[in-house]
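Encoded as structure tokens, the structure appears first; notes follow it.
The values are calculated or read from the model by the stated rules, or taken from the named source; none is laboratory data. Here the structure is a predicted model, which means the values were calculated and not measured. Virtual Cβ from ideal backbone geometry, glycine too; neighbours counted across all protein chains shown. Just the protein is used for accessible areas: all its heavy atoms, side chains included, with ligands, DNA and RNA removed. Shrake-Rupley method; radii C 1.70, N 1.55, O 1.52, S 1.80 Å.
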Amino acid sequence: MDKLLIIGGTRLAGEIEISGAKNAALPILCASLLTREPLTLTRVPALNDVRTMLKLLQRMGVKVEIAPGTGGDTVTLCAAGLDNPLAPYELVKTMRASILVLGPLTARCGEARVSLPGGCAIGARPVDQHIKGLQQMGAEVNVEHGYVHARTTRLRGARLFTDMVTVTGTENLMLAACLADGETIIENAAREPEVVDLAQCLVSMGAQISGAGTDVIRVRGVDSLHGAEHRIMPDRIETGTYLCAAAVTGGEVRLRGTSAGYLDVVVDKLLDAGCDITSEKSPSFEAICIKAPRKLKSVSLRTAPYPAFPTDMQAQFMALNTVADGTAFIRETIFENRFMHAVELQRLGADITIDGNTAVVRGRERLLGADVMATDLRASASLVVAALAAEGETCVDRIYHLDRGYEKLDQKLGALGAQVKRTR
Ligand code: UD1
């Protein structure tokens, strides 16, 4: 199993390119299921989760072509021969986002069998809202033998209201509604930029969607969608992670191909921590630059659905606070078990106390390198951020989590001057 060896203490400096967003790429890949015509995507990140989704789609009969010489950046998918609307457990268990095939398969094939994703390290994460929405659109949905089995002659438009804001739930129902008979209104919809990116791709395929980015999305169903080309938006969580990495090392870094507009609240917190952040924008170029102070100030935060502070940045900010001046209160409101990184950060000498869904982080003068273990994707990112700030060597084990969501992490950090080595 691969590990990352990191020798901390080096000030990050230089510039790197931000990749396409994992959480936009995964639902957009599933949009290919809605049409017989080719969908060409660019800025597809080379990540294990993307490879898993491509494998799943291929298993269903989708033809996948990776443009030669693009390293996987440009992918064309064609679901003309879609013949097997089944997502088996062995693929779904490695990636919860596989549930995103449920809506489009039901809409296009009138049938889908998708394994229940089950729990994961950060909480129970049920999919009841996805199922409820499809039922309200007229599908017969049963959960049998660990599989969600949906059947319908044709989905019909409906007024849907999810009990909580759910990102993939909103995406699944929006995908399904594109081919339904009549209008679907999704209330309490997620407003995440990735939902908007998916809507833009679907609109370019001929879907009739309005309101994406607000909490009410309207989809007028059409009989068929056509092929299109779409460029995936930049990854705002990858962007935020490198901003934190630069911040904890007192660094000065420029991130190309990304925009502060996608992460206002994260940028605000970094400004509160004492960092200087500027944006560059021209019609053909975007970048964010960060210049960090020698000593950061601690910043408290509370996670909540977009546009509030993203749960996917909570762990990285916990790492940042471990070396900041003062005490921070971090409240997690989305997932019930998302402080697994705290005990690993403590191994590096961090002063963290957990009380229910609140972590109290008292900043230390320094952290010391140690062996730590990653438990989920963003927890792993927080360990890397802390390791970059720590004195001496840190070995981060189980980095397959990082490979699910960060493209070329070791190479990008290396390009910024970090001392990082991947070993077995
Ligand atoms: C997505 C993101 C993930 C991010 C999360 C919250 C993708 C591929 N993943 O995950 O990176 O951390 O949003 O921003 O985009 N819930 C239910 N029933 C449901 C659906 C959700 O109870 O049917 C609960 C979840 O357990 C959780 C909350 O709702 O407590 C929000 O989860 P949700 O937004 O659905 O997360 P994901 O879409 O799985």
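Here are some notes:
- Remark: the range 164-174, residue by residue, has Karplus-estimated 3J(HN,Hα) of 9, 6, 10, 6, 5, x, 4, 5, 4, 6, 5 Hz, where x stands for each Gly or Pro and the curve is 6.51 cos²θ - 1.76 cosθ + 1.60 at θ = phi - 60°.
- For the range 165-323, alpha-carbon Rg over 2.2 N^0.38 Å: 1.21
- Over the range 1-84, equivalent-ellipsoid semi-axes from the Cα gyration tensor in Å: 32, 14, 10
- Dividing the C-alpha radius of gyration of the range 327-407 by 2.2 N^0.38 Å, with N its residue count, gives 1.07.
- Computed over neighbours whose Cβ is under 12 Å from that of residue 4, the net charge equals -1, Lys and Arg +1, Asp and Glu -1.
- Exposure of residue 226 as accessible area (Å², to 10), given a probe of 1.4 Å and all protein chains: 80 Å²
- Of the residues 70, 420, 307, the one whose Cα sits farthest towards the positive end of the charge dipole of the chain is 420 (charges of +1 on Lys and Arg Cβ, -1 on Asp and Glu Cβ, taken about the Cα centre).
- Centre separation in Å (Cα based) which lies between the range 71-98 and the range 151-227: 20 Å
- Each residue of the range 127-140 is assigned a 3J(HN,Hα), and the resulting list reads 10, 4, 6, 4, 5, 4, x, 5, 5, 5, 8, x, 7, 8 Hz, derived from the Karplus form 6.51 cos²θ - 1.76 cosθ + 1.60 (θ = phi - 60°), x at Gly and Pro.
- Were the residues from residue 15 through residue 94 laid out at 0.36 nm apart, the gain over their Cα-Cα distance would be 25.2 nm.
- Rg and Dmax of the range 79-231, based on Cα coordinates, read 14.4, 40 Å.
- Across all Cα atoms of the range 332-378, the radius of gyration (one decimal) and Dmax (whole number) stand at 11.2, 31 Å.
- Value of relative contact order over the range 170-286, rounded to a whole percent, pairs C-alpha under 8 Å and six or more apart: 22 percent
- Value of relative contact order over the range 340-424, rounded to a whole percent, pairs C-alpha under 8 Å and six or more apart: 25 percent
- Global size of the chain as Cα Rg and Dmax, reported in angstrom: 21.3, 64
- Reachable aspartates and glutamates from residue 281, criterion Cα separation under 15 angstrom, eight or more residues apart if same chain: 17
- Straight-distance crosslink candidates among lysines, where the alpha carbon sits under 22 Å from residue 421 and sequence neighbours closer than 8 are dropped: 3, 408, 412
- Between the Cα long axis of helix 193-204 and the first principal axis of the chain there is an angle of about 30°, rounded to the nearest 10.
- Average Cα contact separation per residue, the chain, under 8 Å, 6 or more apart, as relative contact order %: 21 percent
- Residue among 181, 128, 397 with the largest mean-square fluctuation in a Gaussian network model of the chain, springs linking Cα atoms under 10 Å: 128
- Accessible area of residue 355 in the full protein assembly, 1.4 Å probe (Å², nearest 10): 120 Å²
- Structure remark: mean-square fluctuation, Gaussian network model of the chain, C-alpha springs under 10 Å; the largest value among 157, 250, 206 belongs to 206.
- Built amide H within the under 5 Å cut-off of residue 189, gap 5+: 216, 217
- 222 nm mean residue ellipticity, helices alone, for the chain (DSSP H n ≥ 4; -39,500 (n - 2.57); rounded to 500): -9000 deg cm²/dmol
- Pairs of alpha carbons in the range 370-409 separated by more than 14 Å make up 38% of all such pairs.
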